[in-house]
Every structure is written in C-alpha cells, then in structure tokens.
C-alpha cells in the first residue's frame with residue numbers, strides 16, 4: 001500500500017517520506033508526524049490505516065536533518081536515541097518540513113495534520129503557524145504546554161491519556177483553560193503512547209475510540 005518518496009523543504013533540505021494511498025477516491029489528505037522513533041513500522045502502519053479509511057497519508061522523516069534513515073523500536077536504548085534527536089531538533093526546521101509535506105499534497109485539496117508524542121507537539125505548532133494546515137489532531141503532545149500562548153489557526157483536536165506521566169493532568173487543565181474552543185479528550189487509564197500497538201502502554205479501547213473521533217473530525221473539516 002505504501003511507497004517511499006523524497007520531499008524538498010523551502011531551505012533546500014531533502015527529506016524522505018512514506019506515503020500510503022487509498023484504494024479508491026481520497027476523502028482527504030493527511031500529513032502524519034512521527035514519534036521520536038522515526039518513520040518506523042508503527043508510523044507506516046498508521047499511514048496504512050488512514051489510507052484504508054480513505055485518506056492519502058504522508059509521513060515525512062522529521063529527523064532527516066539530524067540523522068538519515070533513523071528508525072528504531074521502543075526499547076530503552078531506542079528511547080534514549082530518540083530523545084537525544086528530539087532535544088537537538090529545531091521546531092523552526094520542523095515547520096519547514098511539515099510545510100514541504102503539505103505542499104506535496106495540497107494541490108488536490110485541503111490537508112490535515114496528525115501527530116503523535118513529539119509529533120503531537122509539532123502538529124500543535126503546525127496548527128498555530130502554518131496557514132495551509134486545514135485541520136489538526138494532536139495525540140499526547142508533551143510540549144504543547146510549552147506553547148500554550150500560541151493559538152491554532154485551524155480546527156484542532158487533542159487527545160491525552162489520564163495516567164500519562166509525561167503530561168500531568170494539571171498541564172492538560174492549563175491547556176484546556178487557555179484554549180476553551182479546542183476540543184480535547186482525556187482517556188481513562190491510558191498512558192503515554194496509548195495509540196501504539198508496539199508499546200507496552202498500548203490501550204486498544206482508547207486507541208480505537210481516539211481513531212474514531214479523529215476520523216470523524218477530519219471528515220468534518222477536510223470534506
């Protein structure tokens with residue numbers, strides 16, 4: 001279902017990407033922003049599932065500026081490597097790379113952005129800073145609170161886990177108070193990474209419910 005391609009950002013940087021296409025006519029187009037683990041098999045699977053739901057799904061390799069072909073699993077060493085790259089990554093550069101992905105899709109209509117973990121934070125900033133983003137869905141973005149003073153310029157939906165130790169509920173409450181018009185869902189007994197079937201924190205019920213809400217949201221705003 002998927003294919004690999006190369007994107008070019010506004011500053012000339014070339015980055016790899018994975019794209020999955022639906023079998024029939026597309027309902028819409030989505031940029032899928034990775035966790036700190038790269039465009040690995042899980043993120044490719046996320047793209048494939050969006051394609052099965054009728055969307056063109058494109059996942060840019062957001063760490064290509066730091067390390068080409070970075071793709072790891074979820075063991076402690078993998079987490080350490082991913083966190084190191086996240087800490088080195090520039091959000092300004094990330095916006096350029098998201099824009100490059102949007103540019104690759106927008107000729108066919110509206111483009112939404114969806115991201116997970118670090119990608120959830122990148123998606124929040126995309127909603128705030130990129131005018132071409134038509135809708136955004138952020139899964140457990142750990143740094144959203146750091147940018148709580150910025151406001152999404154497109155319809156935005158947030159997903160959080162109730163027992164996510166990296167995003168305490170008081171921070172979620174701060175986000176909700178600062179952005180009362182941004183719908184957000186807190187999933188009972190769900191931890192960080194609850195959407196990823198390859199992680200110990202995977203919660204199938206929460207993942208299915210969040211996906212259903214995400215698809216309903218994109219169908220409303222990208223149609």
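The values are calculated or read from the model by the stated rules, or taken from the named source; none is laboratory data. Computed from a prediction, not measured in an experiment: that's the story for all the values here. Positions of Cβ are generated from backbone atoms using ideal geometry, with glycine treated the same way; all protein chains shown enter the neighbour counts.
Summary table
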{"read-out": "Hits in the stretch 122-136 - residues which are surrounded by fewer than 24 Cβ atoms within 10 Å (Cβ to Cβ) and over 18 Å from residue 54 (Cβ atoms)", "value": "128, 129, 130, 131, 132"}
{"read-out": "Unique residue being under 13 Å from residue 196 (Cβ atoms) and in contact (Cβ under 8 Å) with a residue 40 or more places away in the chain when the list is 14, 41", "value": "41"}
{"read-out": "Count of residues meeting criterion [out of contact with any strand residue (DSSP E or B) (no Cβ under 8 Å at 6 or more places or on another chain) and either outside any loop (DSSP other than H, G, I, E, B) or under 13 Å from residue 94 (Cα atoms) (or both)] in the stretch 6-35", "value": "3"}
{"read-out": "Test: residue in the stretch 191-203 that is within 27 Å of residue 27 (Cα to Cα), surrounded by fewer than 18 Cβ atoms within 10 Å (Cβ to Cβ) and touching a residue at least 60 places away in the same chain (Cβ under 8 Å)", "value": "yes"}
{"read-out": "Where residue 122 falls short, out of the listed (1) free of Cβ contacts under 8 Å to residues at least 60 places away in the same chain; (2) within 12 Å of the chain's Cα centre (by Cα); (3) closer than 20 Å to residue 17 by Cβ", "value": "(1)"}
{"read-out": "Qualifying residues in the stretch 1-13 (those that are farther than 21 Å from residue 72 by Cα and at pLDDT 95 or above) - the one surrounded by the fewest Cβ atoms within 10 Å (Cβ to Cβ)", "value": "12"}
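Matching residues to (1) surrounded by 24 or more Cβ atoms within 10 Å (Cβ to Cβ); (2) part of a strand (DSSP E or B); (3) out of contact with any strand residue (DSSP E or B) (no Cβ under 8 Å at 6 or more places or on another chain):
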position	(1), (2), (3)
42	no, no, yes
68	no, no, no
74	no, no, yes
86	no, no, yes
98	yes, no, no
106	no, no, no
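Yes or no, residue by residue, for (1) assigned to a loop (DSSP other than H, G, I, E, B); (2) at pLDDT 95 or above; (3) under 15 Å from the mean Cα position of the chain (by Cα):
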position	(1), (2), (3)
138	no, yes, yes
145	no, yes, no
158	no, yes, yes
171	no, yes, no
175	no, yes, no
192	yes, yes, yes
196	yes, yes, yes
199	yes, no, no
209	no, yes, no
